[in-house]
Amino acid sequence: MIDFAKYTLENGLRLVIHEDKSSPMVAVNVVYDVGSRDEDPNKTGFAHLFEHLMFGGSQNVPDFDGPIQNAGGENNAFTNTDMTNFYNVLPAENIETALWLESDRMKQLDFSEKILTVQKKVVIEEFKETCLAEPYGDVWHHLADLAYENHSYKWPTIGKTPAHIENAQMDDVVHFFNKHYTPNNAIIVISGNMKSNKAYDLVNKWFGDIPAGNKYTRSLTIDAPQRKKKQKLVKGNVPLEALYLSFHMVDRCHADYYAYDLLSDVLSNGRSSRLFQRLYKEKSIFSQIDAYISGTFDPGMFVIEGRPMPQVGINKAKEAVWNELELLKNEQIDPRELQKLKNKIESSLEYSEVNILHKSMSLAYFELLGDANLINKEAEEYQKVTSDDIQRVANTIFKSENCSELIYQPNDV
């Protein structure tokens with residue numbers, strides 16, 4: 001059980017505090033309710049660009065890494081489709097260093113042309129390295145665009161094309177910052193050796209006078225159920241053929257999310273999983289195969305991906321995967337097999353609660369979902385899932401008309 005206190009400052013900033021006296025350190029985690037789903041379709045990659053810009057300097061801080069390191073800590077950030085997360089871990093007595101840094105960039109970034117130019121080059125180079133130069137690196141661009149018709153999950157977090165970042169103007173950047181990086185669109189979580197009342201006073205000291213900003217109200221188009229199978233063939237500089245099957249599934253807050261997550265584990269969690277045992281080890285159809293869920297806040301995707309062995313045709317590989325899915329639809333999973341997977345998840349959840357940074361991130365994540373106390377209910381929700389639930393959700397999504405199929409082939413095939 002993770003105990004915590006919750007507050008809301010007058011400017012709308014939400015604060016969650018978890019006291020952990022076992023550690024001399026404290027984690028300061030700042031989450032902004034903005035991800036790539038909040039971008040203009042013609043100006044994508046901005047949330048990821050801001051992850052970099054937020055380290056480019058602010059009104060009173062030209063460098064963020066130096067002060068944190070001098071205070072005996074470290075910091076970093078990540079961005080995805082639904083959120084942007086900045087975190088700092090440092091000795092508890094130096095917590096104000098982190099609060100000073102985070103409050104200063106929330107209040108006023110340094111919007112200089114020089115910094116924008118530098119960070120644009122960094123992001124464009126990252127795009128080229130990870131998406132264009134790396135084999136299969138652009139697969140998510142193709143798969144997401146194929147699976148989604150209208151929702152902004154149609155493009156990955158890094159953006160549709162480097163041109164969108166290359167063409168970003170200062171007015172675009174300032175507008176995006178003022179819209180999303182405000183106190184009433186942010187959550188701060190402090191986890192570690194810090195009394196709740198003291199932590200509240202310090203946060204209020206550093207953040208309380210920052211203007212709330214205009215509340216951003218999200219209005220996204222949720223795709224209608226897919227009624228027809230989609231297929232796409234992509235050729236590129238890759239060593240082997242690869243198969244990707246994407247199925248539409250529920251959102252992160254849906255009651256069936258836990259059943260879908262366990263379903264992906266049944267197929268692909270560890271050496272005893274169905275796909276590994278049957279299609280890799282026994283039949284040698286795939287050289288590697290995996291199944292996972294996107295876990296997005298809005299309705300997401302259940303993805304099965306694999307690379308067939310060179311002597312195995314892509315059609316045989318597809319047939320083998322669909323045969324395994326049909327088995328799941330028609331035969332209940334052994335309750336003992338399911339319980340092993342539940343126990344593995346529960347152990348993983350318990351282990352993650354040992355680290356103050358993990359706890360601060362999880363509390364921020366669940367508060368952004370709607371309730372930080374979900375952190376204490378996760379294990380229970382997984383334990384509720386039955387074999388009937390697994391079979392039911394398998395029958396719900398593993399249908400040809402709900403499938404977006406992407407085949408990636410070498411240029412010479």
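The values are calculated or read from the model by the stated rules, or taken from the named source; none is laboratory data. As the structure is a computational prediction, the values presented were derived from the model and not from experiment. FYI the Cβ positions are ideal-geometry reconstructions off the backbone, even for glycines, and counts take in every protein chain you see.
Pairing each residue of segment 218-233 that is over 10 Å from residue 151 (Cα atoms) with any residue that is of a type in the set (Val, Ile, Thr), provided the two are 6+ apart or on different chains, yields C-beta distances under 9 Å for 231/407; 232/407; 233/407. Somewhere in segment 241-259, is a residue at pLDDT 95 or above, assigned to a helix (DSSP H, G or I), touching an Asp or Glu at 6+ places or on another chain (Cβ under 9 Å) and aliphatic (A, V, I, L, M)? Yes; the residues of segment 241-259 include at least one that is at pLDDT 95 or above, assigned to a helix (DSSP H, G or I), touching an Asp or Glu at 6+ places or on another chain (Cβ under 9 Å) and aliphatic (A, V, I, L, M).
Taking segment 386-413 as the range and being of a type in the set (Gly, Ala, Ser) and either closer than 18 Å to residue 337 by Cβ or in a loop (DSSP other than H, G, I, E, B) (or both) as the test, the residues that pass are 387, 394.
In the condition set (1) touching a Ser or Thr at 6+ places or on another chain (Cβ under 8 Å); (2) assigned to a loop (DSSP other than H, G, I, E, B); (3) aliphatic (A, V, I, L, M), residue 224 is compliant with all but (1).
Consider segment 369-385 and keep the residues that are touching a residue at least 24 places away in the same chain (Cβ under 8 Å) and in a loop (DSSP other than H, G, I, E, B). The one that is farthest from residue 356 (Cα to Cα) is 385.
Restricting attention to segment 317-357 and to residues that are touching a strand residue (DSSP E or B) at 6+ places or on another chain (Cβ under 9 Å) and farther than 18 Å from residue 399 by Cα, the residue that is surrounded by the fewest Cβ atoms within 10 Å (Cβ to Cβ) turns out to be 355.
Table: residues versus (1) closer than 30 Å to residue 203 by Cα; (2) among the β-branched types (Val, Ile, Thr); (3) touching a Gly at 6+ places or on another chain (Cβ under 6 Å); (4) buried (at least 19 other Cβ atoms within 10 Å of the Cβ).
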{"residue": "90", "(1), (2), (3), (4)": "yes, no, yes, yes"}
{"residue": "101", "(1), (2), (3), (4)": "yes, no, no, yes"}
{"residue": "128", "(1), (2), (3), (4)": "no, no, no, no"}
{"residue": "150", "(1), (2), (3), (4)": "no, no, no, no"}
{"residue": "154", "(1), (2), (3), (4)": "no, no, no, yes"}
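What do you reckon, is residue 373 of a type outside the set (Ser, Thr, Tyr), more than 30 Å from residue 29 (Cβ to Cβ) and under 26 Å from the mean Cα position of the chain (by Cα)? So residue 373 fails the test. When segment 335-361 is filtered for residues that are polar (S, T, N, Q), within 15 Å of residue 89 (Cα to Cα) and part of a helix (DSSP H, G or I), only 360 remains. Scanning segment 169-198 for residues that are more than 17 Å from residue 107 (Cα to Cα), out of contact with any strand residue (DSSP E or B) (no Cβ under 7 Å at 6 or more places or on another chain) and in contact (Cβ under 8 Å) with a residue 40 or more places away in the chain yields one hit, 170. From the list 49, 53, 13, 9, exactly one residue is out of contact with any Ser or Thr (no Cβ under 8 Å at 6 or more places or on another chain), modelled with pLDDT under 95 and either closer than 27 Å to residue 149 by Cβ or buried (at least 17 other Cβ atoms within 10 Å of the Cβ) (or both). Which is it? One residue alone meets the criteria, 53.
Taken over segment 265-281, the criterion of being assigned to a helix (DSSP H, G or I) and either farther than 17 Å from residue 326 by Cβ or of a type in the set (A, V, I, L, M, F, W, C) (or both) is satisfied by 265, 266, 267, 275, 276, 279, 280, 281.
For segment 28-38, state whether one or more residues are over 29 Å from residue 221 (Cβ atoms), of a type in the set (A, V, I, L, M) and modelled with pLDDT under 95. No, the conditions are met nowhere in segment 28-38. For segment 148-173, taking the residues that are of a type in the set (D, E, K, R) and part of a loop (DSSP other than H, G, I, E, B), the one that is farthest from residue 81 (Cα to Cα) is identified as 149.
When each of 270, 295 is tested for being more than 29 Å from residue 224 (Cβ to Cβ), under 22 Å from the mean Cα position of the chain (by Cα) and of a type in the set (Gly, Ala, Ser), the lone residue that passes is 270. Contact annotation: residue pairs with Cβ atoms under 6 Å, 6 or more positions apart or on different chains, pairing a residue in segment 294-313 that is closer than 15 Å to residue 146 by Cβ with a partner that is of a type in the set (S, T, N, Q) and outside any loop (DSSP other than H, G, I, E, B), are 301/246; 303/246. Among the residues of segment 130-148 satisfying the criterion of being among the small types (Gly, Ala, Ser) and modelled with pLDDT of 95 or more, which is surrounded by the most Cβ atoms within 10 Å (Cβ to Cβ)? Across segment 130-148, the extreme among qualifying residues is 147.
Please find, within segment 286-315, the residue that is nearest to residue 239 (Cα to Cα) out of those that are crowded, with 21+ Cβ neighbours inside 10 Å and β-branched (Val, Ile, Thr). Only one residue tops the list, namely 289.
Does segment 238-253 contain at least one residue that is under 30 Å from residue 359 (Cβ atoms), exposed (fewer than 13 other Cβ atoms within 10 Å of the Cβ) and touching a residue at least 60 places away in the same chain (Cβ under 8 Å)? Lay out the reasoning, then the answer.
We begin by selecting, within segment 238-253, every residue under 30 Å from residue 359 (Cβ atoms); these are 249-253.
Adding the requirement that they be exposed (fewer than 13 other Cβ atoms within 10 Å of the Cβ) leaves 253.
Filter again for touching a residue at least 60 places away in the same chain (Cβ under 8 Å), leaving 253.
For segment 238-253, residues under 30 Å from residue 359 (Cβ atoms), exposed (fewer than 13 other Cβ atoms within 10 Å of the Cβ) and touching a residue at least 60 places away in the same chain (Cβ under 8 Å): present.
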